Amino acid sequence: MDEGSHGDALEQHRGLGGSLLRLQNAILGSIAKGDRLASTCTQLCVEVEALLPDVICSVLLVDDEGRLHPLAGPSLPNAYSAALDGTLIGPSSGSCGSTAYFGTEVAVEDIATDPRWEQYRHIALSHGLRACWSSPIINAAGTTVATFAIYHREPTMPTEAEREVVQNCVHLCLIAIDRHHRLVEHERRAFTDALTGLPNRAAFNAALLDLDCRQVGGWALFALDLDNLKVVNDTFGHAAGDGLLRAASRCVEKAAFPDRAFRIGGDELAVVVQSPDALRDLEGAAGKILQALMSPVDCGGQIIVPRATIGGAVQSHDAPSVDRVRQNADFALYHAKETGRGGFVRYWPGLGSSMTQRLSAIRDVGAALREDRIEAFYQPIFRLDTREIVGLEALCRMRIGDGIVAASAFHEAMSDVYVATAITARMMQMVAADIRGWLDMGIPIQHVGINVSSADLSGGSVDRVLTDAFAQVGVPLEHVILEVTETVYMGDGDQLIQAAIQSLRGKGIKVALDDFGTGFASLTHLLTVPVDIIKIDKTFVDHLAVDSVSMTIVEGLIRIAERMNIRIVAEGIESEEQAGLLAAAGCILGQGFLVSPALPRQQTTALLLSRAQRPEGAATGVPAANTARMATRGLG
C-alpha cells in the first residue's frame, strides 16, 4: 500500500471510529433513559444503516423454546418480518436461525445458492434480499438470546468496516437486552404473587386499566373468596393454608383459561372474563371454576377440598366503568356468601341498593359495639302448668338514644361474619355476668339460651369464646344453652356446622334447635346431628285448634321428641287457649307474651325473684350448687 492509500485508510478508520462513538453514545443514552427495547434496537438499526448505506439491519430475539421473533428491522418489509416470526432455529434455518443454533456468526454470500436458505430463500429473494450476515448475541450464561444481521441486495461477504460496526452493535444489543430482562424480571416480581404465582393486586389493577369500556358487555369480572382458608389455618396450621391457596389458585387459573386469574390478597381471587364463550355463559364459566375446586388436594400432608364462593358482574350500560363493575362483583360475592356459600351469584340491578342498606346496618351495629350500646334482654321460658320460670332466652337489643331497637331491625348486619361473632361474644359476656349476679342473689336460675350464628359455628371458636366468658365470672356451663336456628342447623349443606354442633354437645354444652318448622330440617336430621331441645316455631302455635293440622303435627312431634329424650319448648304463646291446647298435647314448656315479653336485666331480676322455679320444699333463694336438682323439671 502506497503512502496515499495508507493515509486514506487511516482517515476512513478515524471517521468510522468517530461515527461508532456517536452511535454508542446515542444507544447508551437510549438505554439510560429507559426507552423500550424495541425502540432502542430500532434506533440502532437506523444509525447503522446511515453509517453503512448499502446494508439493511435486523435484530431478532430467541425465546426459551428456540424460536425467532423480530424485534427491530425498520427497513425490512413487514411481510418478510412477519414470515420469520416463530421460525425454529436450526442448522438449515437461514443465516439467523443457524447462527442462533450454533452460537457463531454465519455469513451467506448468496442466498440463492446457499443450502442453509433452502426453505426460506423464496421469501428473501422475493423481497430483493441476496446476502445475509448474522452474528449471535450471547448473554453471560452462554445462551444466545438474539441475533444481529445485515442484509445486502447483491451477493457479497462482510467487509472489515462492517465487522467493526457489527462487533459494537452486538455489544450494545446485549446491554439493552440485559437491561430489558432485568426490568421484565423486576416487573414480574412486582406483579406476581410470591405464594401462588398468580398475577397480584397490582397486576389486577393494571389489567383493569387496560380494559376497553367503550364496547358494552365486552368483559366481566368474577370476585372469588376461598371459604375454608381460615378454618384450615386454624386447624392444620398456616403451612396447610398456604398449600390450600397454591392448589386452589392452580385450579382457578386452569379452569378460567384463557381468561386471566389474579390473587388480590388473603383468600381473595379474581378473574377478568373476556373470552367470548365465558361471556355468553357466565354461569357456566363460574360453574367450571367451582367444579374444579371440588377435587381434594394435598396441602402439606392434609387432604382438603377447596371451597369457594363467586360473585360476578358484566360491564353494561348501567355499569359502564371499571369501578362500577368491580363494586357490583363485590356486591354479588357478598350476597352469595350470605345466601349460600359455595355457589355463584350474578349481580342484578337492585342488589347494590340492598347491599348499601346492609353495609349501613353493619356500620351502625359496629358503632354500637364500640360505644357499648348492645344490651341483653331476657324472655322467660315457663312451665305451662304452674307458670314457673325454668329458663330464659337472651335476646340482643341495641340502644339508640333513649330507645331500644330489637335485633330484627338490624338483622342484616348479622350477615357480616365479624359483626355476628362480635355480637355473640358480647352477648356471652353479658349473659355470664348476669347469671353470676342472679346466682349470687340466690335466684334459682337454671338455663339461659344464647343464639349463635353460622359464622360462630363455622369459625370454630364459639366453644372457646363461651368457655372464656363463663370462666371469667365463675359460672358453670351447665347454665347455658346455645340456640341454633333451623337455617343455621341445616347450614346450607355445610358439614362444618354440623360437626361444630356435635363437638359442642360432646363437651357437655346443651344445644337447642330454634324456630323448628320454618325451614327444611326434619326429624331424620336429628338422627345424625342430635340436639337437646326443640323449640316449636310460633307459626304452629298461631294455628293451633282442636283437630287442626298444626295440632296433629305438634302432638306427633312431642311424642317423637319424648322417645328421643329431646325437650320441647313451644314459642310465641300469647293466649290461655294456646297454652291449654299445648298442655293437652303433652307440651310442658312454653315461651311467649302470655307470661312476659323480653325484658332488661333489672325487670328480669324482679320477675325471677317472684316466679323462678325453686327446688321442692324451698321458699326462698337457692344457692347455685342446688340449682342442678331442678334439671328434671326444666330444660336440663
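Being of a type in the set (S, T, N, Q), in contact with a Leu (Cβ under 9 Å, 6 or more places away or on another chain) and open to solvent by 30 Å² or more (accessible area, probe 1.4 Å) is a property that Ser610 lacks. Each residue in segment 481-517 was checked for being modelled with pLDDT under 80 and either in contact with a His (Cβ under 6 Å, 6 or more places away or on another chain) or of a type in the set (Asp, Glu) (or both), and 3 pass. Report yes if Thr627 is under 50 Å from the mean Cα position of the chain (by Cα), modelled with pLDDT under 95, open to solvent by less than 30 Å² (accessible area, probe 1.4 Å) and closer than 18 Å to Arg436 by Cα, otherwise no. So Thr627 fits the description; yes. Looking only at residues of segment 126-143 that are more than 17 Å from Gly73 (Cα to Cα) and hydrophobic (A, V, I, L, M, F, W, C), we find that the one that is modelled with the highest pLDDT is Ile138. Within segment 287-326, the residues that satisfy the criterion of being among the polar types (S, T, N, Q) and outside any helix (DSSP H, G or I) are Ser295, Gln302, Thr309, Gln315, Ser316, Ser321.
Based on what the data block shows, is Ile501 in a helix (DSSP H, G or I), in contact (Cβ under 8 Å) with a residue 24 or more places away in the chain and under 32 Å from the mean Cα position of the chain (by Cα)? Yes; evaluated as a whole, the condition is true for this residue.
Assess whether Asn205 counts as being under 21 Å from the mean Cα position of the chain (by Cα) and open to solvent by less than 30 Å² (accessible area, probe 1.4 Å). Here the answer is no, as Asn205 does not meet what is asked. Being in contact with a strand residue (DSSP E or B) (Cβ under 7 Å, 6 or more places away or on another chain) and at negative phi, is that true of even one residue in segment 178-190? No.
Just name the residue that is most open to solvent (accessible area, probe 1.4 Å) out of those in segment 165-192 that are among the polar types (S, T, N, Q) and in a helix (DSSP H, G or I).
Start the filter on segment 165-192 by keeping residues that are among the polar types (S, T, N, Q), which leaves 167-168, 192.
Filter once more, so that each one left must be in a helix (DSSP H, G or I): 167-168.
Numbers: Gln167: 133, Asn168: 35 Å².
Per the criteria, the residue is Gln167.
For segment 345-361, a tally of residues being assigned to a helix (DSSP H, G or I), open to solvent by less than 50 Å² (accessible area, probe 1.4 Å) and closer than 14 Å to Asp330 by Cβ returns 5. Only one entry of Gln327, Gln315 meets the criterion of being within 13 Å of Leu221 (Cβ to Cβ), modelled with pLDDT of 85 or more, open to solvent by less than 30 Å² (accessible area, probe 1.4 Å) and of a type in the set (S, T, N, Q), and that entry is Gln315.
Every condition in (1) within 24 Å of Gln591 (Cα to Cα); (2) aromatic (Phe, Trp, Tyr); (3) more than 34 Å from the chain's Cα centre (by Cα) holds for Tyr489 except the one numbered (3).
Checked against the criterion of being open to solvent by less than 50 Å² (accessible area, probe 1.4 Å), touching a strand residue (DSSP E or B) at 6+ places or on another chain (Cβ under 7 Å) and either modelled with pLDDT under 95 or farther than 30 Å from Gln446 by Cβ (or both), the candidates Gly342, Gly403, Gly366, Gly391 yield just one match: Gly342.
Residues in segment 97-119 that are in contact with a helix residue (DSSP H, G or I) (Cβ under 8 Å, 6 or more places away or on another chain) and of a type in the set (A, V, I, L, M) were compared, and the one that is farthest from Ala141 (Cα to Cα) is Ala112. Residues in segment 27-77 that are open to solvent by less than 20 Å² (accessible area, probe 1.4 Å), under 45 Å from the mean Cα position of the chain (by Cα) and small (Gly, Ala, Ser): Ser30, Gly66, Ala72.
Among the residues of segment 477-492, what is the count of those that are open to solvent by 60 Å² or more (accessible area, probe 1.4 Å) and either over 21 Å from Val390 (Cα atoms) or not acidic (Asp, Glu) (or both)?
Of all residues in segment 477-492, those open to solvent by 60 Å² or more (accessible area, probe 1.4 Å) come to 478, 487, 492.
Subset that is either over 21 Å from Val390 (Cα atoms) or not acidic (Asp, Glu) (or both): 487, 492.
Qualifying residue count, segment 477-492: 2.
For segment 422-462, how many residues meet the condition of being open to solvent by 10 Å² or more (accessible area, probe 1.4 Å) and assigned to a loop (DSSP other than H, G, I, E, B)? The number of residues fulfilling the criteria is 5.
A quick yes/no check of all residues on (1) closer than 26 Å to Gln215 by Cα; (2) among the acidic types (Asp, Glu):
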residue	(1), (2)
Asp259	yes, yes
Glu268	no, yes
Val273	yes, no
Val305	no, no
Asp323	yes, yes
Asp330	yes, yes
Lys337	no, no
Leu351	yes, no
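Exactly one residue among Thr235, Thr196 is open to solvent by 50 Å² or more (accessible area, probe 1.4 Å) and of a type in the set (Val, Ile, Thr), and that residue is Thr235. Considering every residue within segment 465-479, establish whether at least one is at pLDDT below 90, outside any strand (DSSP E or B) and under 23 Å from Asn233 (Cα atoms). For segment 465-479, residues at pLDDT below 90, outside any strand (DSSP E or B) and under 23 Å from Asn233 (Cα atoms): absent.
Would you confirm, using the coordinates I've provided, whether Leu395 is within 24 Å of Asp463 (Cβ to Cβ), in contact (Cβ under 8 Å) with a residue 60 or more places away in the chain and part of a helix (DSSP H, G or I)?
Details: within 24 Å of Asp463 (Cβ to Cβ): yes; in contact (Cβ under 8 Å) with a residue 60 or more places away in the chain: yes; part of a helix (DSSP H, G or I): no.
It is false that Leu395 is within 24 Å of Asp463 (Cβ to Cβ), in contact (Cβ under 8 Å) with a residue 60 or more places away in the chain and part of a helix (DSSP H, G or I).
Scanning segment 226-243 for residues that are in contact with an Asp or Glu (Cβ under 9 Å, 6 or more places away or on another chain) and under 18 Å from Phe262 (Cβ atoms) yields Leu226, Leu229. Of all the listed residues (Leu28, Leu16), the sole one being within 27 Å of Thr99 (Cβ to Cβ) and at pLDDT 85 or above is Leu28.
Gly243 satisfies every condition listed in (1) open to solvent by 20 Å² or more (accessible area, probe 1.4 Å); (2) in contact with a Gly (Cβ under 7 Å, 6 or more places away or on another chain) except (1).
The values are calculated or read from the model by the stated rules, or taken from the named source; none is laboratory data. Worth saying up front: this structure is predicted, and the values here are computed from it rather than measured. Positions of Cβ are generated from backbone atoms using ideal geometry, with glycine treated the same way; all protein chains shown enter the neighbour counts. When the accessible area is computed, the model is the full protein with side chains, heavy atoms only, and any ligands, DNA or RNA have been set aside. Shrake-Rupley method; radii C 1.70, N 1.55, O 1.52, S 1.80 Å.
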